[in-house]
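The values are calculated or read from the model by the stated rules, or taken from the named source; none is laboratory data. It should be emphasised that the depicted structure is a prediction, and the values quoted were computed from it without experimental measurement. As a convention, Cβ positions derive from the backbone with ideal geometry for all residues, glycine included, and neighbour counts pool all protein chains shown.
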Amino acid sequence: MFINFWYAALRTGQLADQPVKVRMLGQNFVLFRDTAGKAHCLSNICVHRGGSLAGGKVKGDRVECPYHGWQFDGAGQCTRIPSLGAAAKIPARARVDAYPVEERYGLVHVFLGDLPEAERPTIMPIPEYGQPGWHAQVDEYLNTADYRRTIENGLDPAHNEFVHTTHGFSGKEGDSRVPDLNVEERPWGCGFITTYYSPPLQDAKMKAAAGRQGDAVVTAGTFHHGPTCMTTYINPGPGISIHQNVYKTPVDATTVRTFLVQTRTFLLGTENDARFSERNVFVRGQDQVVLSALEPFFTPETNNHELLMPSDRGVARYREFLQQWESRGWRIDEAALARDGDRVARAIPSPARREQPKGWVLDTVPVLAATEQRSRQCLDSTA
Ligand code: FES
Ligand SMILES: [Fe+2]
């Protein structure tokens, strides 16, 4: 798992007048809205004696710990320690990490890391969101999976033929050669658009909307953005498109929460959302059967013990991106963290720690040491 990327914590509607606890990257966070409705995200661990802030209440612009009533503002600063009395001076160390928050595309995104604003990766964009002629719907799932294996699955054009009855022939067509992939770079990732020979659509309404009856050659492809996000572009028929914009948030190393913001140019009304949700669940279920049985469970640390093919070029490039982000010192040292067990509370480093490295009660999560200068070609393309 990686710090220094944006992660979707909640749908905007899930954050109202009470604090909400969200687990991301193996740590707990509290999200709340202030009196102006602005969303905030803090480390959930009260630095007094470990209370869970999300179990408390929102008091004005602050969240109040349920244990002894300390209050923290949206910047993570403690503003009230009731046991010291009303006129008390608050110690400088009475603060928790606070993380940048942005609400976009119907989701509350949180930047989990300490990079200054100018150096941060972007939230994966959805340029068509809110544009005329496009409809958006949000679905949410929770799975046991390594998020990397699921992104790799999205970057894998060869599996459709065998895993998905809706867009493959289960190998019965004889020649299922994947065209040479033109893997293109984008800021913070890579991907490709390719062609698929696809069976007839099964849903009558979809068939009518797509304007085709039988088999067809369709264009589709996937680009990842950072370690956990990707967009799959599908053109099921002439002049119509679906974009599956997927924001994955690792709850921990083996559990992933997925927010799917689907945008489409046909069957625009919300009355069609259930039909697409149903299909998404069906297709995801087909993937999950295969993904849940992969060995090893986690994406391997090298490619030496898998036999990658030209159709895996997107997967291979994604793994290079992961290595390069690791070389920047952004990868959490999960083995070291596991050794802490329940004996040490930690925090994901927040931007304030860059300005004031000292005076924090909690230590940060361990990361694998940075190993490289930031001059590699791939990193330059993302800067
Ligand atoms: S543990 Fe939060 S106020 Fe004491
Ligand atoms: Fe799939």
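Quick check on the range 96-110. Is at least one of its residues within 16 Å of ligand 1 (Cβ to nearest atom) and in a loop (DSSP other than H, G, I, E, B)? Looking for residues that are within 16 Å of ligand 1 (Cβ to nearest atom) and in a loop (DSSP other than H, G, I, E, B), one finds at least one in the range 96-110, hence yes. Determine whether VAL63 is more than 20 Å from the chain's Cα centre (by Cα), part of a strand (DSSP E or B) and crowded, with 23+ Cβ neighbours inside 10 Å. Against the criterion (more than 20 Å from the chain's Cα centre (by Cα), part of a strand (DSSP E or B) and crowded, with 23+ Cβ neighbours inside 10 Å), VAL63 qualifies. Among the residues here, THR255 does not qualify as surrounded by 17 or more Cβ atoms within 10 Å (Cβ to Cβ) and either closer than 30 Å to ALA204 by Cβ or at pLDDT 95 or above (or both).
The number of residues in the range 111-151 being acidic (Asp, Glu) and over 14 Å from the mean Cα position of the chain (by Cα) comes to 4. The residue that is farthest from VAL183 (Cα to Cα), counting only those in the range 155-169 that are more than 9 Å from ligand 2 (Cβ to nearest atom) and within 22 Å of the chain's Cα centre (by Cα), is PRO157. Residues in the range 258-275 that are out of contact with any strand residue (DSSP E or B) (no Cβ under 6 Å at 6 or more places or on another chain) and either crowded, with 17+ Cβ neighbours inside 10 Å or not polar (S, T, N, Q) (or both): LEU267, GLY269, GLU271, ASN272, ALA274, ARG275. For GLU185, the criteria (1) assigned by TED's automatic domain parsing to the domain that holds ALA9; (2) touching a helix residue (DSSP H, G or I) at 6+ places or on another chain (Cβ under 8 Å) hold in every case but one, which is (1). Listed by first and then second residue, the pairs linking a residue in the range 48-73 that is among the basic types (Lys, Arg) to a residue that is near ligand 1 (Cβ under 6 Å from one of its atoms), with Cβ atoms under 8 Å apart and 6 or more places separating them unless they lie on different chains, are ARG49/TYR67; ARG49/HIS68. Taking the listed residues LEU268, LEU294, the one that is under 22 Å from the mean Cα position of the chain (by Cα) and aliphatic (A, V, I, L, M) is LEU294, with no other qualifying.
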